[in-house]
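Following: one structure in structure tokens, then a few remarks.
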Amino acid sequence: MQSSATPSKARGVNYKPVEDKVLCEAWLSVSCNPINGIYQSGDDFYNKVKKAFDTELARLKSTVAERPVPSLNSQFQTISQAVSKFVACHEKDLRVCQSGRSPSDQERDAVALYESIPKNGSFKFLQCWHILRDSEKWGAWRTSNEKRQGSKRSASVRDRNSSSNASLNSSERSPPAETLRVQGESEEPRQGVTRAKLDRANQALYARQVKAAERAAENAEKRIKVAQEQLDLTLFTAQAAPNDPLAAEYLMLKKQAVLKRLRLEALSEPSGSSISLAAPMNTGEDVSGNGDAVATRSNAIAQCVVDQAHTDWQSHHLMQQVQLVASQTLQAAP
């Protein structure tokens with residue numbers, strides 16, 4: 001449905017999430033059609049996208065503003081640029097320690113990494129990423145588009161350099177030394193700001209890695225505790241055969257050992273949290289990327305992986321003991 005009349009220069013109504021979703025699906029539908037393809041001249045391709053877009057919205061009975069072809073083209077470019085940046089953040093997040101993280105945790109961390117870059121703003125196209133990420137057509141289009149953008153930037157830089165050289169050649173005198181000094185000094189602040197942004201993003205990512213590692217260690221300890229309780233319960237419900245005094249003595253000694261351990265645990269104070277890797281964040285070390293800081297962080301995460309592997313082995317070993325005792329109990333039952 002058309003929106004109310006507005007001045008010709010007024011900005012169009014913002015796209016709704018359902019429109020973004022349908023636009024991506026329409027783009028894939030047209031691009032994956034071997035007859036249409038994505039390499040067409042003019043607006044022919046997006047005319048087909050608009051037709052598929054309008055048809056699907058009509059089927060969904062969605063009430064939205066009329067979207068002309070240039071608007072659809074511009075919106076898809078906006079979506080693709082944001083999704084391309086998010087793909088880079090998601091791939092970077094996947095390269096770090098993943099212990100104990102589900103796909104939803106990985107998506108959440110990638111969104112946080114994307115939004116930690118000030119110029120990106122909030123990421124509003126997660127559903128579009130789910131639609132486009134596995135498409136070979138979109139991947140090829142994105143690569144081709146990035147190459148074109150890179151060529152345009154290179155040409156723009158060359159034009160600026162040529163214009164600057166022509167201006168210098170036509171000038172009758174060289175610029176004052178103060179001007180050159182100011183131009184030379186302006187690069188460092190810009191580089192410092194960029195470095196600070198990257199440092200903040202890396203620090204935020206490391207903090208999320210630490211939390212994920214702590215959650216994994218806590219979950220492993222919980223599994224060990226459950227396995228130990230199952231083993232204790234199996235021991236106390238096991239009965240030795242009447243004609244097997246050795247088995248009866250073995251079970252009695254095991255039960256006494258379990259009771260002794262449980263009494264000691266009841267008298268001891270709560271142990272608190274298990275493993276904490278947050279200490280490196282409070283030691284005042286430089287997180288700007290120097291070798292010592294990177295080594296410290298890498299060692300902490302590596303230690304977390306080793307600890308979790310050890311606790312997982314303990315849990316597996318306890319479960320084997322539970323199964324063994326249960327099997328012996330069944331065999332000894334009259």
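The values are calculated or read from the model by the stated rules, or taken from the named source; none is laboratory data. Predicted model, so just to flag it, every value in this text is computed and none were measured. Neighbour counts run over all protein chains shown; Cβ positions are idealised from the backbone, glycine included.
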Q.
So in segment 202-257, with the set limited to residues that are under 29 Å from the mean Cα position of the chain (by Cα) and among the polar types (S, T, N, Q), which one is surrounded by the most Cβ atoms within 10 Å (Cβ to Cβ)?
A. Gln209
Q. Restricted to segment 44-53, and to residues that are farther than 16 Å from Glu66 by Cβ and surrounded by 13 or more Cβ atoms within 10 Å (Cβ to Cβ), which residue is modelled with the highest pLDDT?
A. Lys48
Q: Out of Leu251, Leu246, Leu205, report the one residue that is part of a helix (DSSP H, G or I) and free of Cβ contacts under 8 Å to residues at least 12 places away in the same chain.
A: Leu246
Q | All positions within segment 93-125 that are free of Cβ contacts under 8 Å to residues at least 40 places away in the same chain, assigned to a helix (DSSP H, G or I) and within 13 Å of the chain's Cα centre (by Cα) | A | Leu94, Pro103, Ser104, Gln106, Glu107, Arg108, Ala110, Val111, Tyr114, Glu115
**Q.** Only listed residue being out of contact with any strand residue (DSSP E or B) (no Cβ under 6 Å at 6 or more places or on another chain) and at pLDDT 85 or above, chosen from Ala220, Ala177, Ala212
**A.** Ala212
